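Visitor: Take this structure first; my questions come after.
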Amino acid sequence: MTAQIDFSDPRDPAAPRLRHAWSVPRQVLRAQRLDEVRPLLDAVQACAEQGAWCVGWVRYEAAPTFDPAFQTLPADGPLAWFAVYDAPQAEAAQAPPARAAEPVLDWQAGLDRASFDAAVERIQQAIAAGEIYQVNYTAPLTAPWSGEGAQAQALFEALQRAQPGGYAVCLDSGQAEAAVGVADPQAQPECLLSVSPELFFDWRGGEILARPMKGTAPRGATPAEDAEQAATLRASPKERAENVMIVDLLRNDLSRLAEPHSVQVPALFQTQALPSVWQMTSDVTARTRPDTRLSDVFAALFPCGSVTGAPKVRAMQLIAALESAPRGVYCGAVGVVRPWMGKEGPPHGVHATFNVPIRTVVLRGEEARCGIGSGITSGAQAGAEWDEWRHKRAFLERASQPFDLLETLALDGGQWRHLAEHLARMAASAAHFGYPWDAERALACLQALAARHPQGVWRVRWLWTAAGQPQAEAFALQPPPATPVRLQLADRPFEAAHSEFVRHKTTRRAHYAAFAPTAPGVFDTLLWNAAGEITESTFGNIAARLDGRWVTPPLACGLLPGVGRAVALREGRVVEAVLRVQDLPRVQDWAFLNSLRGWLPAVLG
């Protein structure tokens, strides 16, 4: 397939998603020069008015087309590109392709911390001098790429699982151009995989909606903490200021093509839950003048203020000075333009829906590229913004290395220990990662394994795949180690403490393996987070007797909600309390605990 779309209805979240796929386009439209961009958009509109569906993108570097004051770095490819397709038929809706192995990508940041801090400082100086209110500063992540079409499709599906919903587009310009015989041998074709949650604009029947996304907070480790994070984001003066600056910019942009007094802000400071972050959005709407064309909409709005800053001209000047490479399709616009039927009758207009291509991977030659960024305002701190980048890229890390959900259970004499708790935890992880879950199939897999091992004590490794398939293996459980087991303290912070791959148990465990003990006689490593709080060990939870009571770190410190831990809490054997590295000399006793081994007395050192 050369193109796929999977779009939310931005005006009705309950409406069915717009899902279509195409193989061979009718034609390809391509703009190489600035003076070709507006005519291309006019051609796209004409095709849609005649019944075609046009899927494509406009590069960030096309901005000077619409205002010569906009500065960008030189473009590294076509400024705008659209494939024109016949109207999709019912049978043309997305069909699952032949599954390929999900590719493994090793992403590397294109910016080190020192350079990041220097850029933030330069932006803060510009803000203090009154030059600017906000700059959206970005940098690329890159990874080697050698996949073919099937691997690109598999990566797109993995990205959709990691970042579900929103406005997803898979578009292979190389395949599309080859299909119609217009491939440019001098150009390097691109395959675009966009799973952006941000709406740029939706324009239909003279009504336009923009929904800028500004303001970010990480998801919480527990439902209560998660709700608190969302409430804190909504109330944050810094995040609200960042959002309202862009809302004001969009109101001004929309007024350039709106009927008098029609620009409205019907929703302000809404929080949207994404898998790894909370994002704040606002709605800006208007009625466009009767003679408005698609090229006029782009002339008024492009690039979206949420990926530039305010004022837009000065923000783009700073972006061009501070960023080392062109953004490309990232931070431009990706979308579909189709006929607009109105309530009934033949086409008499167009319906254009474009995302702001954040959360977007571009495959080009032997490289995969994905941009990441955030808005820098007067209240921004470099450390907090760096953490925000880390939270935003979590979707990419989730999609770039295939993994299964994992539970380790004890099977004793044909009976499962704590089976209900393990089932509930795996079901919660499947919901979190978007893996299809079937409780009956899960239980049947385990029952079949238990029937084959009616005697003895077994360690069972139980997996749940991204395709929703269970796998279980039994291994003879080795006798428990002599107690007390010896723990060693990690020699550095466990940076992954607040990762979703700590909160959920999966086969992705390299972050734990990096702390595995190497000294003879050491059973496991005691981990601590960047705040100096004890979290867990590499394959179990921890309890400590402090001031006469047994305590275990709360989930907010960044640790797996272990089944053995949950049982100990339920039985009242431990209570939750923060334990810091500086408290270690006061600890009277230690214990290691998990579902498989139970409670093991331990010593530290």
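Visitor: Test each condition in (1) closer than 19 Å to Q125 by Cβ; (2) small (G, A, S); (3) in contact (Cβ under 8 Å) with a residue 60 or more places away in the chain for A333 and report the one that comes out false.
Guide: (1)
Visitor: Filter the stretch 432-476 for residues that are of a type in the set (F, W, Y), out of contact with any Cys (no Cβ under 8 Å at 6 or more places or on another chain) and open to solvent by less than 40 Å² (accessible area, probe 1.4 Å) and give the result.
Guide: Within the stretch 432-476, F433, Y435, W464 meet the criteria.
Visitor: How many of the residues in the stretch 418-431 are open to solvent by 50 Å² or more (accessible area, probe 1.4 Å) and modelled with pLDDT under 95?
Guide: 2
Visitor: So which of G564, G558 ends up being at negative phi and surrounded by 20 or more Cβ atoms within 10 Å (Cβ to Cβ)?
Guide: G564
Visitor: I need every pair where a residue in the stretch 390-419 that is among the polar types (S, T, N, Q) has its Cβ under 8 Å from the Cβ of a residue that is open to solvent by less than 10 Å² (accessible area, probe 1.4 Å) and in a strand (DSSP E or B), sequence separation at least 6 or different chains.
Guide: Listed by first residue and then by second, the contacts come to S400/A143; T408/V460; T408/W462.
Residue-wise test of (1) over 18 Å from the mean Cα position of the chain (by Cα); (2) open to solvent by 70 Å² or more (accessible area, probe 1.4 Å).
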{"residue": "D106", "(1), (2)": "no, yes"}
{"residue": "G110", "(1), (2)": "yes, no"}
{"residue": "R113", "(1), (2)": "yes, yes"}
{"residue": "D117", "(1), (2)": "yes, no"}
{"residue": "E121", "(1), (2)": "yes, yes"}
{"residue": "A126", "(1), (2)": "yes, no"}
{"residue": "S146", "(1), (2)": "yes, yes"}
{"residue": "A150", "(1), (2)": "yes, no"}
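Visitor: Please go through the stretch 470-511 and pick out each residue that is assigned to a loop (DSSP other than H, G, I, E, B), over 24 Å from the mean Cα position of the chain (by Cα) and either of a type outside the set (V, I, T) or within 20 Å of Q401 (Cα to Cα) (or both).
Guide: Listed by number, the residues that qualify are L477, Q478, P479, P480, P481, A482, P484, A490, D491, R492, P493.
Visitor: Something else now. Scan (1) in contact with a strand residue (DSSP E or B) (Cβ under 6 Å, 6 or more places away or on another chain); (2) more than 29 Å from Q32 (Cβ to Cβ); (3) of a type in the set (D, E, K, R) for the single condition R338 breaks and write down its number.
Guide: Here R338 clears every test but (2).
Visitor: Filter the stretch 470-495 for residues that are modelled with pLDDT of 95 or more and touching a helix residue (DSSP H, G or I) at 6+ places or on another chain (Cβ under 9 Å); which is nearest to D387 (Cα to Cα)?
Guide: F494
Visitor: Being surrounded by fewer than 22 Cβ atoms within 10 Å (Cβ to Cβ), within 26 Å of A424 (Cα to Cα) and either within 31 Å of the chain's Cα centre (by Cα) or at pLDDT 95 or above (or both), is that true of even one residue in the stretch 579-588?
Guide: No, that holds for no residue.
Visitor: Any residue at all in the stretch 19-27 that's at pLDDT below 95, open to solvent by less than 50 Å² (accessible area, probe 1.4 Å), of a type outside the set (S, T, N, Q) and over 27 Å from the mean Cα position of the chain (by Cα)?
Guide: Within the stretch 19-27, none of the residues are at pLDDT below 95, open to solvent by less than 50 Å² (accessible area, probe 1.4 Å), of a type outside the set (S, T, N, Q) and over 27 Å from the mean Cα position of the chain (by Cα).
The values are calculated or read from the model by the stated rules, or taken from the named source; none is laboratory data. The shown structure was predicted, so the numbers you read here are calculated from the model rather than taken from an experiment. When we count neighbours, we look across all protein chains shown, and the Cβ atoms used for this are built from the backbone with ideal geometry, even at glycine. Just so you know, the surface numbers come from the protein's heavy atoms only, side chains and all, with ligands and any DNA or RNA stripped out. Shrake-Rupley method; radii C 1.70, N 1.55, O 1.52, S 1.80 Å.
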